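Structure, as structure tokens:
What follows is calculated from the coordinates using simple rules that are stated; it is not laboratory data. Source: prediction; values computed, not measured. Here the Cβ positions follow ideal geometry from the backbone for every residue, glycine too, while neighbour counts run over all protein chains shown.
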Amino acid sequence: MDIDSKFIVPDHVAIIMDGNGRWATGRGMPRGFGHKKGAEAFRRTVDACIEMSVPFVTFYAFSTENWKRPKSEINILFDLFESYLDEFADIHKRNARIIFIGDIGALSEKLVNKINDCVRLTENNTGTAVTIAVNYGGHAEIVNAVKGIIIDELTFSDIDERVFERYLYTAELPPVDLLIRTGGDKRVSNFLLWQLAYAELVFLDVFWPDFTKEDLIEAFRRYSTKERRFGSIKSK
Ligand code: FPP
């Protein structure tokens with residue numbers, strides 16, 4: 001952890017980018033416009049994380065439940081993901097790594113190919129690891145891990161928490177230190193259920209399209225005031 005005079009930069013920050021729809025409708029605009037502005041906030045936040053050398057940042061971009069939205073809104077979201085992937089040379093230049101988690105196989109072949117290209121190009125980079133959760137659900141991830149264990153024919157005595165974690169989508173990521181959710185709601189919405197076990201939770205009233213580096217730092221400041229005991233007692 002890097003200790004600044006004012007705040008600690010967590011090792012792993014997870015972000016639920018909520019409030020795009022309300023941001024847009026409150027301005028008399030279609031929800032898709034909110035997502036477009038949300039994608040800009042995503043880019044800004046990736047930049048801020050790279051600038052502050054955040055080791056791991058994970059964004060909830062599309063959940064397994066988001067398929068219930070109108071097709072037109074889903075298409076807008078997937079177009080935004082694709083446009084972002086078209087810019088990955090820039091991410092690569094900044095030594096950042098892109099990782100995807102979720103059931104990527106269910107996406108279009110074109111998008112899967114772009115995702116794979118981007119992951120491959122950046123996989124040896126040593127800077128910020130930017131993880132994007134697409135078609136991700138915490139329940140689905142745990143069921144998927146159990147299936148992996150069955151396929152590998154592990155036995156009762158083979159399994160403990162560390163082994164189980166290797167079957168999660170996040171096998172290569174550390175546990176989450178800080179979860180930030182924008183948009184005012186206080187829930188985790190099936191995001192990183194296993195990985196959030198000891199995370200500090202910061203809920204912000206700002207809608208995601210308005211999220212800035214200052215909001216990120218404010219979340220880091222709140223995180224820095226917490227004493228993390230991991231089930232133990234206060235050290236003397
Ligand atoms: C939740 O807001 C947001 C989403 C379901 C989509 C998040 C996606 C983006 C911010 C675009 C990201 C782009 C890239 C390139 C990764 P909501 O629509 O549920 O808002 P509401 O609660 O106000 O309706």
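Couple of notes before you dig in:
- Within the option set Thr126, Thr170, being assigned to a loop (DSSP other than H, G, I, E, B), buried (at least 17 other Cβ atoms within 10 Å of the Cβ) and away from the ligand (no atom under 12 Å from the Cβ) holds for one residue only, Thr170.
- Filter pass, Ile132 being aliphatic (A, V, I, L, M) and either within 16 Å of the ligand (Cβ to nearest atom) or touching a residue at least 60 places away in the same chain (Cβ under 8 Å) (or both): yes
- Scope the range 37-60; condition crowded, with 18+ Cβ neighbours inside 10 Å, part of a helix (DSSP H, G or I) and not hydrophobic (A, V, I, L, M, F, W, C); matching residues: Lys37, Gly38, Thr45
- Selection status of Gly34, within 15 Å of the chain's Cα centre (by Cα), more than 16 Å from Thr131 (Cα to Cα) and in a helix (DSSP H, G or I): no
To keep it simple, each residue is scored yes or no on (1) in contact with a Pro (Cβ under 8 Å, 6 or more places away or on another chain); (2) in contact (Cβ under 8 Å) with a residue 40 or more places away in the chain; (3) not aromatic (Phe, Trp, Tyr).
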site: Met17; (1), (2), (3): no, yes, yes
site: Trp23; (1), (2), (3): yes, yes, no
site: Gly34; (1), (2), (3): yes, yes, yes
site: Ile74; (1), (2), (3): no, no, yes
site: Phe88; (1), (2), (3): no, no, no
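- Of residues in the range 216-227 being surrounded by 10 or more Cβ atoms within 10 Å (Cβ to Cβ) and out of contact with any strand residue (DSSP E or B) (no Cβ under 7 Å at 6 or more places or on another chain), the one farthest from Gly183 (Cα to Cα): Arg221
- Those residues of the range 61-81 which are within 10 Å of the ligand (Cβ to nearest atom) and surrounded by fewer than 14 Cβ atoms within 10 Å (Cβ to Cβ), in sequence order: Glu65
- Count - residues of the range 181-236 that are assigned to a loop (DSSP other than H, G, I, E, B), of a type outside the set (Phe, Trp, Tyr) and away from the ligand (no atom under 16 Å from the Cβ): 16
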